[in-house]
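*Asks:* Sharing a structure here in structure tokens format.
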Amino acid sequence: MLNRLREDIQTVFRKDPAARNLWEVMTYAGLWAILSHRTAHWLWTKNFKTLARAQSQWARFCTGIEIHPGATIGRRFFIDHGMGVVIGETAEVGDDVLMYHQVTLGGTSLQKEKRHPTVGSNVLIGMGAKLIGAITIGDNARIGANAVVTRDIPANSTAVGIPAKIVKRDGVYLDQNLAPHRVPTPPQQPAVMDQALNSADPQGELVGRLLTEIDALRARLERLEHQEGQGQEQAAGHFLLNPSLDSQGNTPAAGHRATGPVPVRDWEPEDIEAVV
């Protein structure tokens with residue numbers, strides 16, 4: 001038990017650069033939530049379910065983190081900040097998982113069955129992410145902030161957006177426009193998630209492409225209307241200069257009357273005198 005406690009404290013130092021000393025780490029809500037869950041989960045497995053629920057609800061009141069005592073949590077699990085985290089009864093979390101505040105591992109079924117996500121090992125789940133249903137998140141996956149995940153995410157992949165879309169797999173960007181223009185010098189500790197992925201917005205990019213296509217279609221329509229208007233003006237001017245032409249621009253045969261539109265001409269002085 002002491003070894004597990006020491007391991008949990010070392011995990012905080014390794015995954016939170018703001019942690020400065022042991023006494024400060026002992027104030028972390030995420031650490032106390034995990035310690036409390038271990039006790040509640042032991043009670044749950046020993047069929048002391050009501051006592052286990054009371055333990056988890058007390059931890060929720062003290063830390064703002066709700067972990068159902070039936071959830072299975074691996075080793076070296078760390079919740080940074082932690083406020084608003086909810087982990088459901090049938091959720092499974094692997095080893096070395098880093099989770100931020102406002103994350104939900106929720107269910108979509110009212111049946112007593114597996115209805116919460118299964119998260120692999122060494123997974124990062126960004127702040128505000130929602131993982132819904134009996135889905136599987138593969139090992140070494142990265143879930144972006146505020147992503148809504150409703151489908152399985154394969155191992156070594158990064159998913160962002162609403163709904164979540166895979167933008168990086170096995171270290172390769174699926175959309176090269178998201179790739180950084182230069183490769184920065186890697187720090188001693190691996191980055192949580194690079195800035196290119198933090199700024200990725202698949203749905204926003206789709207809407208942007210649609211708006212660009214609409215603008216192009218509108219410009220093309222305006223050009224066609226302009227060309228058609230110029231053609232009509234030229235035809236009307238041609239008829240004014242040649243009132244004897246028919247609608248096809250040809251001189252009608254003798255004895256035949258032009259069927260084209262009646263040419264419009266200005267009034268002459270003698271016309272006015274005739275009317276008067």
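*Asks:* For the range 1-73, which chymotrypsin sites (Phe, Trp or Tyr not before Pro) are both in a DSSP coil and crowded by at most 14 other Cβ atoms within 10 Å?
*Replies:* Numbers: sites: 13, 23, 28, 32, 42, 44, 48, 58, 61; in loops: 28, 48.
Those that pass, being in a loop and sparsely packed, number zero.
*Asks:* Express the relative contact order of the range 102-141 as a whole percentage, based on alpha carbon pairs under 8 Å and six or more residues apart in sequence.
*Replies:* The normalised contact order for the range 102-141 reaches 49 percent.
*Asks:* Ok, one more. Measure up 112/168; 15/49; 15/168; 49/114; 15/165 against 28 Å on the Cα-Cα distance and list the ones that go over.
*Replies:* 112/168; 15/49
*Asks:* What FRET efficiency, computed as 1/(1 + (r/R0)^6) with R0 = 45 Å and r the Cβ-Cβ distance, is obtained for residue 114 and residue 218, rounded to the nearest 0.05? Show your work: numbers first, answer last.
*Replies:* Working: r = 51 Å, r/R0 = 1.13.
Efficiency, rounded to the nearest 0.05: 0.35.
*Asks:* Now a separate question. Would you mind counting up the charge near residue 29? Only other residues with Cβ under 15 Å from its Cβ, with Lys and Arg at +1 and Asp and Glu at -1. Don't skip to the answer; put the middle values down first.
*Replies:* On the way: positive: 15, 60; negative: 8, 16, 24, 66, 80.
With Lys, Arg at +1 and Asp, Glu at -1, the net is -3.
*Asks:* Please give the solvent-accessible surface of residue 14 in Å², to the nearest 10, using a probe radius of 1.4 Å with every protein chain present.
*Replies:* 110 Å²
*Asks:* Determine ³J(HN,Hα), in whole Hz, for all residues of the range 157-168 in sequence, where each value follows from phi through the Karplus function 6.51 cos²θ - 1.76 cosθ + 1.60 and θ = phi - 60°; x replaces Gly and Pro.
*Replies:* 10, 10, 10, 9, x, 10, x, 4, 10, 6, 10, 8
*Asks:* A follow-up question, please. Collect residues whose amide H, placed 1.01 Å from N in the peptide plane, falls under 5 Å from the amide H of residue 147; neighbours closer than 5 in sequence don't count.
*Replies:* Long-range HN contacts for residue 147: 129, 130, 161.
*Asks:* Separation between the residue 150 and residue 172 pseudo-spin-labels, each 7 Å from Cα along Cα→Cβ, expressed in nm?
*Replies:* Taking the two extended label points, one gets 2.9 nm.
*Asks:* Short version: ³J(HN,Hα) in whole Hz for each residue of the range 141-156, in order, from phi by Karplus 6.51 cos²θ - 1.76 cosθ + 1.60 (θ = phi - 60°), x for Gly and Pro, what are they?
*Replies:* Per-residue couplings from phi come out as 7, 10, 10, x, 4, 6, 5, 10, 9, 10, 10, 4, 10, x, 5, 6 Hz.
*Asks:* Scan around residue 121 for amide H atoms under 5 Å from its own, H built in the peptide plane at 1.01 Å from N, and keep only partners 5 or more places away or cross-chain.
*Replies:* Distant-sequence amide H within range of residue 121: 95, 139, 140.
*Asks:* I would also like to ask the following. Convert each backbone phi in the range 63-72 into a coupling constant with the Karplus relation 6.51 cos²θ - 1.76 cosθ + 1.60 (shift: θ = phi - 60°), then list the ³J(HN,Hα) values in order as whole Hz, x for Gly and Pro.
*Replies:* 10, x, 10, 10, 10, 5, x, x, 5, 9
*Asks:* In whole percent, how big is the carbon plus sulfur part of the accessible area of the range 1-53, probe 1.4 Å, protein atoms only?
*Replies:* Its accessible area is 64 percent carbon and sulfur atoms.
*Asks:* Stretched out fully, how many nm does the piece from residue 162 to residue 39 gain, at 0.36 nm a residue minus the Cα gap? Walk me through the numbers before you get to the answer.
*Replies:* On the way: separation 123, 0.36 × 123 = 44.28 nm, distance 3.55 nm.
Extra length available between residue 162 and residue 39 comes to 40.7 nm.
*Asks:* Considering every pair of different Cα atoms, what Kirkwood radius, in Å, is found for the range 7-48?
*Replies:* 11.3 Å
*Asks:* Below 8 Å, C-alpha to C-alpha, sequence gap of six or more: please give me the relative contact order for the range 55-182 in percent.
*Replies:* 14 percent
*Asks:* Let me check I've understood the local charge: for residue 85, count other residues with C-beta under 11 angstrom from its C-beta, Lys and Arg +1, Asp and Glu -1. What total comes out?
*Replies:* Combined, the nearby Lys, Arg, Asp and Glu give -1.
*Asks:* Please tell me the relative contact order of the range 8-88 in percent, rounded to the nearest whole number, where contacts are Cα pairs under 8 Å and at least six residues apart.
*Replies:* Averaging sequence separation for qualifying contacts and normalising by length gives 32 percent for the range 8-88.
*Asks:* Here's another thing I want to ask about it. Please compute P(r) over all alpha-carbon pairs of the range 1-109, binned at 10 Å starting from zero, and give each bin as a whole-number percent.
*Replies:* Per 10 Å bin, starting at 0, the Cα pair percentages come out as 15, 50, 31, 4, 0.
The values are calculated or read from the model by the stated rules, or taken from the named source; none is laboratory data. Predicted, not measured: the structure shown is a model, and the values here were computed from it. Here Cβ is always computed from backbone atoms with ideal geometry, including for glycine, and neighbour counts include all displayed protein chains. Side chains are part of the model used for accessible areas, which takes the heavy atoms of the whole protein and leaves out ligands, DNA and RNA. Shrake-Rupley method; radii C 1.70, N 1.55, O 1.52, S 1.80 Å.
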